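Presented below is the structure to which this report refers.
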Amino acid sequence: MSKNYKAKILLVDDDTDILEFLSYNLKKENYKVYTAENGEEAIEKSLKHNPDLILLDVMMPKKDGMDVCKELRANPKLDDIIICFLTARNEDYSQIVGFEAGADDYVAKPIKPSVLIKRIEALLKRKTRKQEPENKVFISGDLKIDFEARVVFVGKKEILLPKKEFKLLKLLVSQPGKVFTRDEIYSKVWGNDVIVGDRTIDVHIKKLREKIGNDYITTIKAVGYKLNAE
């Protein structure tokens, strides 16, 4: 790929009009664009081109978007690709299933190109931050976290967090804006072999909010949590 392109994007949709429309607008923004019209073709082109981001329709022939997403996430060579679902379905259930399948974001049709471009830029920035070496200190607004000292400051006030609360906060901070599902949080904070109650995460989030403020952590209903950062 020419270094003059911003990033490689794979568009996957069985509607050729949508593919043509989105391709045109993304190419105008200097993205390298590949297209696929079904799930099987999406897998093939992902393996061939290793895109930075996939815009993936949910309802498709041969293999739907959910299955494609799960298959990509199961492949170590492709599991870091950003996946953003495109769908005409707005109900909460679709979004929940999408995030559980491993999606990074969700855009409802009809799609406004200007909004989609901004969403893509934000997702690519998130990927860049993820690839950078972990910072020893995180700062956002009044919140400051020193990972080496395991100390949190809100303004000038020092907050001492128990081990699990600090580990949970560190996970959310690792990718600001990313929605961490409850299963991800259980796995990465408590471990798959540890059995905890259904309310465990909620209780820890509540305690964190009491200590650092309510503005930093957002609840995504029936899915999980994300960190808001400046």
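Any read-out appearing in this document is the output of simple, stated calculations on the displayed coordinates, not a laboratory observation. Everything numeric in this text was worked out from a predicted model, so none of it was measured. Counting neighbours? That spans all protein chains shown, and the Cβs are built from the backbone with ideal geometry, glycine included.
Helix 113-131 and the longest principal axis of the Cα set of the chain meet at an angle near 50°.
For the chain, the 222 nm mean residue ellipticity estimated from helices alone, with every DSSP H stretch of n ≥ 4 adding -39500 (n - 2.57) and the total spread over all residues, rounds to -12000 deg cm²/dmol.
Across the stretch 137-227, Cα pairs under 8 Å and at least six residues apart give a relative contact order of 26 percent. Computed on the stretch 1-126, with alpha-carbon pairs under 8 angstrom and 6+ residues apart, the relative contact order is 21 percent.
Between D15 and D202, how high is the FRET efficiency from 1/(1 + (r/R0)^6) when r is the Cβ-Cβ distance and R₀ = 45 Å? Nearest 0.05. For D15 and D202, the calculated efficiency is 0.65. Taking a ≥ b ≥ c as the square roots of the Cα gyration tensor eigenvalues, the stretch 8-131 comes out rounded, since a/c falls below 1.5.
In plain terms, the chain from F147 to E210 could stretch by 20.7 nm, reckoned as 0.36 nm per residue minus the Cα-Cα distance.
Sort the stretch 140-191 into rounded, prolate or oblate with this rule: let a ≥ b ≥ c be the square roots of the eigenvalues of the Cα gyration tensor; rounded if a/c is under 1.5, and if a/c is not under 1.5, prolate when a/b is larger than b/c, oblate otherwise. Because a/c hits 1.5 or more and a/b fails to exceed b/c, the stretch 140-191 counts as oblate. The charge dipole of the stretch 8-131, taken about the Cα centre with unit charges on the Cβ atoms of Lys, Arg (+1) and Asp, Glu (-1), comes to about 740 debye, rounded to the nearest 20. Taking 0.36 nm per residue of separation and subtracting the Cα-Cα distance, full extension of the segment from T218 to E29 would add 64.9 nm.
Of Y24, Y216, Y34, the residue with the greatest mean-square motion in the GNM of the chain, using alpha carbon springs below 10 Å, is Y24. In sequence order, the stretch 141-147 has phi-based couplings of x, 7, 8, 9, 10, 9, 5 Hz under the Karplus curve 6.51 cos²θ - 1.76 cosθ + 1.60, θ = phi - 60°, and Gly or Pro positions carry x. Karplus-derived 3J(HN,Hα) values for the stretch 20-32, using 6.51 cos²θ - 1.76 cosθ + 1.60 with θ = phi - 60°, are 5, 5, 5, 4, 4, 6, 6, 5, 4, 8, 6, 9, 7 Hz; glycine and proline are entered as x.
For the stretch 137-227, the alpha carbon convex hull comes to 92 Å³ per residue, rounded to a whole number. Show me the trypsin sites (Lys or Arg not before Pro) within the stretch 22-112 that DSSP assigns to loop and that have at most 12 other Cβ atoms within 10 Å of their Cβ. Here the trypsin sites (Lys or Arg not before Pro) that fit, given the DSSP loop and packing criteria, are K77.
Applying 1/(1 + (r/R0)^6) with R0 = 35 Å to the Cβ-Cβ distance of L47 and K112 gives a FRET efficiency near 0.70. Short-range pairs are left out: with C-alpha atoms under 8 Å and at least six residues apart, the relative contact order of the chain is 13 percent. Against the chain, whose longest principal axis is taken from its Cα atoms, helix 200-212 shows a tilt of about 70°. The trypsin sites (Lys or Arg not before Pro) of the stretch 139-230 meeting both criteria, a DSSP state outside H, G, I, E and B (loop) and at most 15 other C-beta atoms within 10 angstrom of the site's C-beta, are R150, K156, R199, K221. Taking the 0 to 90 degree range and rounding to the nearest ten, how far is the long axis of helix 92-101 tilted relative to the main principal axis of the chain, both from C-alpha atoms? Here the helix axis deviates by roughly 90 degrees. In the list [x] 34, 20, 16; [y] 37, 18, 16; [z] 24, 22, 18, the label attached to semi-axes √(5λ) of the Cα gyration tensor in Å as derived from the coordinates here is [x].
The amide H of I83, built 1.01 Å from its N in the peptide plane, has I54, D104, D105 as neighbours under 5 Å, considering only residues 5 or more places off or on other chains.
Rounded to the nearest whole Hz, the Karplus-based 3J(HN,Hα) values (6.51 cos²θ - 1.76 cosθ + 1.60, θ = phi - 60°) of the stretch 48-63 follow the sequence 6, 9, 6, x, 6, 8, 10, 9, 10, 5, 7, 8, 9, x, 6, 7, with x at glycine and proline.
Would the stretch 1-68 count as rounded, prolate or oblate if I go by the C-alpha gyration tensor, calling it rounded below 1.5 in a/c and otherwise prolate when a/b exceeds b/c, oblate otherwise? Since a/c reaches 1.5 but b/c is at least a/b, the shape of the stretch 1-68 is classed as oblate.
Placing unit charges on each Cβ (+1 for Lys and Arg, -1 for Asp and Glu) gives the chain a dipole about its Cα centre, and among L208, L143, G177 the Cα reaching farthest toward its positive end belongs to L143.
Of I81, I145, I159, the residue with the greatest mean-square motion in the GNM of the chain, using alpha carbon springs below 10 Å, is I159.
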